[in-house]
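I have a structure here, written as structure tokens, and I will follow up with some questions on it.
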Amino acid sequence: MAGLFQRLFKIGEAEGHSVLDQLENPVKMTEQGIRDLEKHYVQAIKDLAEVKAQVNKQRAELQKAETESADYEEKAMLLLSRAKSGQMDPAQAEDLARRALAHKAEAQKRIQLYGSGLSQQTEVVNRMQGQVDRIKGQIDQYKNELKTLQARSSAAKAATRLDKQLAGADPKGTVEMLERMRQKVEDQEALSAAYADLADRPKSLDEEIQRALGSADQPPKLLNSPTSNQDDDELSRLKAKLGMN
């Protein structure tokens, strides 16, 4: 039976170590993976912020170009209106209007340039934003998985400690110790019974006689002492004297 206990404890200990070894590496790998992802996340946020800043700058430039285009067109129309109403010299008004329209044309080129670049940059921002969101989601997912792995690892370590304690308990030695204790107790009980039996026996002839005379209801216990023919003759004499023959 003790050998069976030891084999069971050894099996449990081996399984505990196996589970623990299988859990420790994933825990460490997950922790490292989270740290790496967090570094990538910080860098991705920085890159995304830089691209967004460029997009905002291009959007501001586009809005400025659109404002300039509309403003120069409005000025050209105002110049021509004043020439039409006689408030300005027609030749001067047309020259100024022509130059205003030239600035409008330059603004239109910038509008086209910024508009095309802004469209491309917006696609880049959206793509980068999606990547950043995925990294953040992976970090959250791995952190949740890490909590589960850590809980399993703690449970496996506790089970391993228990298996080690049970394996080191030496059940065979415990059984032998209990057997020796049982034998010792039985010996003590036998010795006590022997002393009790001796205590009930009179230790001398005087004690036996005293016990017999003191309790008529209790038959005396006779000592196995040697007798002779002379003792028998003396006993017969006393019985004759008492009229017992």
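Multiplying the sequence separation of residue 235 and residue 70 by 0.36 nm and subtracting their Cα-Cα distance, what value in nm do you get?
Length difference between fully extended and current span is 43.2 nm.
Something else now. Within region 34-135, list the GluC sites (Glu not before Pro) lying in a DSSP loop whose Cβ has at most 13 other Cβ atoms in a 10 Å radius.
In loop regions of region 34-135 (DSSP not H, G, I, E or B), there are no sparsely surrounded GluC sites (Glu not before Pro).
At R0 = 45 Å, how high is the FRET efficiency between residue 54 and residue 98 if r is their beta carbon distance? Nearest 0.05 is fine.
According to the calculation, E is roughly 0.80.
Modelled label-to-label distance, residue 116 and residue 147, 7 Å Cα→beta-carbon offset: nm?
Modelled inter-label distance: 5.2 nm.
Give me Rg/Rg_expected for region 71-163, where Rg uses Cα atoms only and Rg_expected = 2.2 N^0.38 Å with N residues.
Rounded to two decimals, the normalised Rg is 2.73.
What pairs in 28/157; 28/147; 64/104; 46/143; 46/136 have C-alpha atoms more than 19 Å from each other?
46/143
Throughout, read-outs are computed from the coordinates displayed, never taken from laboratory work. All values derive from a computational prediction rather than experimental measurement. Because the Cβ atoms are built from the backbone with ideal geometry, glycine has one as well, and the counts that use them run over all protein chains shown.
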